[in-house]
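Chemist: Here it is: the structure, laid out below.
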Amino acid sequence: MPGIASLGAGLVALGAGLGIGLIGSKAMEGMARQPEAAGKIQTAMLIACALVEGVALFGAVVCFMGK
Amino acid sequence: MNFTPVLAAGGNYSDDGEPTIDALVQWIYAHVADSQEWHLPFGIHIYLPDWISLHAVMLLLCSLFLFIIFGVMYKKKQTVPTGVTNFLEVFVLFVRNDISIANLGEEDGKKYAPLFLTFFFFILGLNIMGLIPLFSTATGNIGVTLGLTTFTFLTMTLVAMIKNGIGGFFGAFIPHGVPTPVLFLLTPIEMAGVVIKCFALTIRLFANMMAGHIIVFALLGLLYLFKAYAAPALPMAVAIYFLEILVAFLQAYIFTFLSSMFIGQIFHPEH
């Protein structure tokens, strides 16, 4: 089907947005409860975001290869 | 905009003189992928010989910059660092303390710190060079990231075998505290995990760099397709460009941190 690779890329972006949004919201909750731990929470949040984005970009690379 | 490889039959323009999307796609790919020509400003084109390509030139240039910055401009004799030395000390100490020693322990951390420092500064240099219009992004080429991950893979296998012995190396794959029938399922998965984690490292760095550049070029290409109506695309492209700078630093840090975490897991398996 023409254009289905673009549909896949949109779904990948949806997955990445949901994942990183959940991580960010939990990180902000944690920082609000305990502001002293904000540095550690921010570091862990960035690492988790990079891992989630890595998985999302696997899908994006497959979409590039598609069409 | 230069559409030099011209499509043979499709052509750059459709029947009513409007630019086609195929030509735009080719323009995007010509700027992102590897090639044999180096287009400098003021119309200077350098045609590279067969045995070297543009991304290889970028790798050599980045190594040259790192040699100049760390070899020549970094003054080792100062006891209290100032200027460039002070600026670099921040990053060097950050990588050594928070990445290398945190994941590998005191003495191994200090011994293997040069490896992680090289990863960090080389990848950071290549990413930042990709953002300057003069150069092109070498980490947007899967060959380059695969080569970088090969070093992580070799450290995880060969160096771990030399350090822990062959029995100790394979013993690191057996998780503790699980019943014996599950071990037969988990141990091959752990072994495959080494390969899969390294594969994930390459794809993460490669896709982040390539996708970022494709987005910027696609937004600028909208200006060419829709001319004046696409004026809001220009601030969008500038905003994504600034995000690219953050992603450059972040991806260098993530590659180095995950490499050190995986190597630390193999060297000192947790009990």
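Chemist: Compactness ratio of the protein assembly as shown: Cα Rg over 2.2 N^0.38 Å, N = residue count?
Modeler: 1.14
Chemist: Averaged over peptide B:259-268, how many Cβ atoms belonging to another chain are found within 10 Å of each residue's Cβ?
Modeler: 0
Chemist: Still on this structure: Taking the number of other C-beta atoms within 10 Å as the exposure measure, put B:LEU258, B:LEU115 in order starting with the fewest.
Modeler: Listed from fewest to most nearby Cβ atoms, that is B:LEU115, B:LEU258.
Chemist: In deg cm²/dmol, rounded to 500, what helix-only [θ] at 222 nm does chain B give when every DSSP H run of at least 4 residues adds -39500 (n - 2.57) and the total is split over its residues?
Modeler: My calculation for chain B gives -22000 deg cm²/dmol from helical runs alone.
Chemist: Using the alpha-carbon atoms, what tilt in degrees (0 to 90, nearest 10) does helix B:180-226 show relative to the longest principal axis of chain B?
Modeler: 20
Chemist: May I ask for the longest run of chain B untouched by chymotrypsin sites (Phe, Trp or Tyr not before Pro) that are loop-located per DSSP and have at most 13 neighbouring C-beta atoms (other than their own) within 10 Å?
Modeler: The longest uninterrupted stretch comes out as B:52-271.
Chemist: Name the GluC sites (Glu not before Pro) in segment B:184-271 that are in a loop by DSSP and that have at most 14 other C-beta atoms within 10 Å, would you?
Modeler: Qualifying residues, ordered by number: B:GLU270.
Chemist: With bins 10 Å wide starting at 0, give me the P(r) of segment B:83-188 over every alpha carbon pair, in whole percents.
Modeler: In order of increasing distance, the bins hold 12, 29, 31, 19, 8, 2, 0 percent.
Chemist: Shifting gears a bit: If you take the Cα atoms of chain B, find Rg, then find the Kirkwood Rh from the mean of 1/r over all pairs, what is Rg/Rh?
Modeler: Answer for chain B: 1.06.
Chemist: Just B:ALA228, B:ALA239, B:ALA252 to compare: in a GNM of chain B, with alpha carbon springs under 10 Å, which one fluctuates most?
Modeler: Highest fluctuation among the options: B:ALA228.
Chemist: Using only Cα atoms, tell me the angle between helix B:233-267 and the longest principal axis of chain B; keep it within 0 to 90° and round to the nearest 10.
Modeler: Relative to chain B, helix B:233-267 is tipped by roughly 20 degrees.
Chemist: How about segment B:55-128: which trypsin sites (Lys or Arg not before Pro) there are in a DSSP loop, with at most 10 other Cβ atoms within 10 Å of their Cβ?
Modeler: B:LYS76, B:LYS77
Chemist: Restricting things to Cα coordinates, could you compute the convex hull volume per residue of segment B:35-129 in Å³?
Modeler: 139
Chemist: Could you identify which residue out of B:ILE215, B:ILE52, B:ILE128 has the top mean-square fluctuation in a GNM of chain B using Cα springs shorter than 10 Å?
Modeler: Comparing B:ILE215, B:ILE52, B:ILE128 in the GNM, the peak value goes to B:ILE52.
Chemist: Moving to a separate point now. Take peptide B:244-254, look around each residue's Cβ out to 10 angstrom, count Cβ atoms belonging to other protein chains, and average those counts.
Modeler: Whole-number average of other-chain Cβ neighbours for B:244-254 is 2.
Chemist: Let me know the mean shielding of B:196-209 by other chains, meaning the per-residue number of their Cβ atoms within 10 Å of its Cβ.
Modeler: 3
Chemist: Provide Rg over Rh for segment A:4-62; use the alpha carbon set for both Rg and the Kirkwood Rh (inverse mean inverse pair distance).
Modeler: Ratio of gyration radius to Kirkwood radius for segment A:4-62: 1.13.
Chemist: A further question on this structure: With θ set to phi - 60°, apply the Karplus curve 6.51 cos²θ - 1.76 cosθ + 1.60 along segment A:34-41 and write out the HN-Hα couplings as whole Hz, x wherever there is a Gly or Pro.
Modeler: Once θ is set to phi - 60°, the couplings for segment A:34-41 become 9, x, 5, 8, 4, x, 5, 5 Hz.
Chemist: Continuing with this model, one more query. Once phi is turned into θ = phi - 60°, what whole-Hz ³J(HN,Hα) does the Karplus curve with 6.51, -1.76 and 1.60 give for every residue of segment B:148-153, x standing for Gly and Pro?
Modeler: Each residue's phi maps through the Karplus curve to give 5, 5, 4, 5, 4, 5 Hz.
Chemist: Hey, any idea what the orientation-averaged projected area of the convex hull of segment B:170-253's Cα atoms comes to, in nm²?
Modeler: Projected area, direction-averaged: 8.4 nm².
Every read-out reported here was derived from the displayed coordinates using simple, explicitly stated rules and does not represent laboratory data. These numbers were taken from a predicted model, which means no experiment stands behind them. All Cβ positions, glycine included, derive from the backbone under ideal geometry; neighbour counts span all protein chains shown.
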